[in-house]
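Visitor: After the C-alpha cells below, expect a handful of questions from me.
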Amino acid sequence: MAKKNKKLILGLLIVAVLIAFIPLFALKDAEFGGSDDAGSVMVEEIHGEYEPWFTPVLETALDGELPGEVESMLFCVQTGIGVGIIAFVMGRFVERKKWMKDEE
C-alpha cells in the first residue's frame, strides 16, 4: 500500500508541475495581467474615459505604486494566513471526529 501511495503522490506532483509550466511555454507572447487591470480596461472600452474613484491605502501613503516584489510578498502572506486558517479548521474537524469515536 505504501508503494501505491508514493506512486500516486509522485504522479500528482508531476501533474501539478506540468499545469504550472505548460501555459508559460504554450503561450510564449501572452500577457499575464491581473484582474484589476483587465477590469479597468473593459470599463474603459465600454464607457470611454475611466478614472478610478479609489486609491489603495499603501499607494497613497507611499506616494506611488508598490513595487511588484512587495505586492507579490503581501499576496503570499495573505495566502499563507488563509491556508493556515483553513488547515486549522479542518484539523479541528478531524480531531472532533476522533473524540466522538472515542466517546462511543
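The values are calculated or read from the model by the stated rules, or taken from the named source; none is laboratory data. None of the values given here were measured: they were computed from a predicted structure. Positions of Cβ are backbone-derived with ideal geometry, glycine not excepted, and every protein chain shown enters the neighbour counts. Heavy atoms of the whole protein, side chains included, go into the accessibility calculation; ligands, DNA and RNA do not. Shrake-Rupley method; radii C 1.70, N 1.55, O 1.52, S 1.80 Å.
Visitor: Tell me which of these ALA26 doesn't satisfy, since it passes every other one: (1) open to solvent by less than 80 Å² (accessible area, probe 1.4 Å); (2) at pLDDT 80 or above.
Guide: Exception for ALA26: condition (2).
Visitor: So which residues in region 72-104 are among the charged types (D, E, K, R) and open to solvent by less than 100 Å² (accessible area, probe 1.4 Å)?
Guide: GLU95
Visitor: Would you point out the residue of region 36-59, among those that are surrounded by 11 or more Cβ atoms within 10 Å (Cβ to Cβ) and touching a helix residue (DSSP H, G or I) at 6+ places or on another chain (Cβ under 9 Å), that is farthest from GLU71 (Cα to Cα)?
Guide: Here the answer is TYR50.
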